[in-house]
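For reference, the structure is listed below as structure tokens.
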Amino acid sequence: MKKLIIALTLLSIIACKDNEVKKEEPSLIEAVQNVNKLNKAADSMKEYEKQTEKLKKIKPVSNEVFKQVLTEELGNLKRSSFNAGNASMAGLSSSDATYGDSNDKNVKISIFDGAGESGSALIAITHMSIAMDTESIEGTKTKKTEVINGVRSITENDTNPDSYKRSSITFIYNDRYQVSLEGNKMPLEELKTYIQKLNFSKLP
């Protein structure tokens, strides 16, 4: 588990940089903030360790269960595609579906089951990332951690009209499932409304 924590820490550091290369050295305040973020993430990871061990022993859900969650309609949007089992080669149980309207507005929803060896490792990484209080702004793009409907999430929002107002939300449901929503031609605030339209009651 120590090796896993070290690996997750390195991955989190890389992710938080958002592929941005800075020429100047970080200031003392930035360095302290980064250390505090990593400490908070490490503490969160330690608390989540028991859940990770529990997930390793659970059997992943079937594709049929995912299909009952990603139903034919999502609010006013209709499902245009559905896929399940694409990540089975990596030992992951997953599914995704895309919903859209006649104006090319669409939402893609992806669900990964954290059960099993591979699934529990994926959820651990996501959990650690979400635990960190981060915010970055690059032009019209904003990425940060925030609380949505009482759940900590990682959000991204691009207000550039040329990018069709893309947005995304990633969170963990029931300490087990990684859920991601990606909106096209949809601002973040509108994308948030579709979370409540998802029926997670079929997920064990």
Residue selected from the stretch 136-152 under the condition aliphatic (A, V, I, L, M) and open to solvent by 60 Å² or more (accessible area, probe 1.4 Å), by the criterion farthest from Lys192 (Cα to Cα)
Ile137
Which residue out of Glu146, Glu156 is more than 20 Å from Gln51 (Cα to Cα), touching a strand residue (DSSP E or B) at 6+ places or on another chain (Cβ under 9 Å), without any contact (Cβ under 8 Å) to a residue 24 or more places away in the chain and not basic (Lys, Arg)?
Glu146
What is the one condition in (1) buried (at least 19 other Cβ atoms within 10 Å of the Cβ); (2) among the β-branched types (Val, Ile, Thr); (3) under 26 Å from Lys67 (Cβ atoms) that Thr155 does not satisfy?
(3)
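Quick grid of which residues meet (1) of a type in the set (Gly, Ala, Ser); (2) under 23 Å from Met186 (Cα atoms); (3) surrounded by 20 or more Cβ atoms within 10 Å (Cβ to Cβ); (4) in contact with a Lys or Arg (Cβ under 6 Å, 6 or more places away or on another chain):
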residue	(1), (2), (3), (4)
Lys50	no, no, no, no
Lys59	no, no, no, no
Ser62	yes, no, no, no
Leu77	no, yes, no, no
Gly91	yes, no, no, no
Examine the stretch 173-195 for a residue that is without any contact (Cβ under 8 Å) to a residue 24 or more places away in the chain, in a helix (DSSP H, G or I) and not hydroxyl-bearing (Ser, Thr, Tyr), and state whether such a residue exists.
yes
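Residue-by-condition table, conditions (1) closer than 30 Å to Ser102 by Cβ; (2) modelled with pLDDT of 95 or more; (3) touching a His at 6+ places or on another chain (Cβ under 7 Å):
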| position | (1), (2), (3) |
| --- | --- |
| Thr126 | no, no, no |
| Ser129 | no, no, no |
| Glu138 | no, no, no |
| Ser153 | yes, yes, no |
| Ser163 | yes, no, no |
| Arg166 | yes, no, no |
| Tyr177 | no, yes, no |
| Gly183 | yes, yes, no |
| Pro187 | yes, no, no |
Residues that are modelled with pLDDT under 85, at least 1 per element: which helices (runs of 4 or more DSSP H) completely within the stretch 1-102 meet that?
2-16, 28-56
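The values are calculated or read from the model by the stated rules, or taken from the named source; none is laboratory data. None of these values were measured; they are calculated from a predicted model. Cβ coordinates were reconstructed from backbone atoms using ideal geometry, including for glycine residues, and neighbour counts include every protein chain displayed. SASA here: full protein model, heavy atoms, side chains in, ligands and nucleic acids out. Shrake-Rupley method; radii C 1.70, N 1.55, O 1.52, S 1.80 Å.
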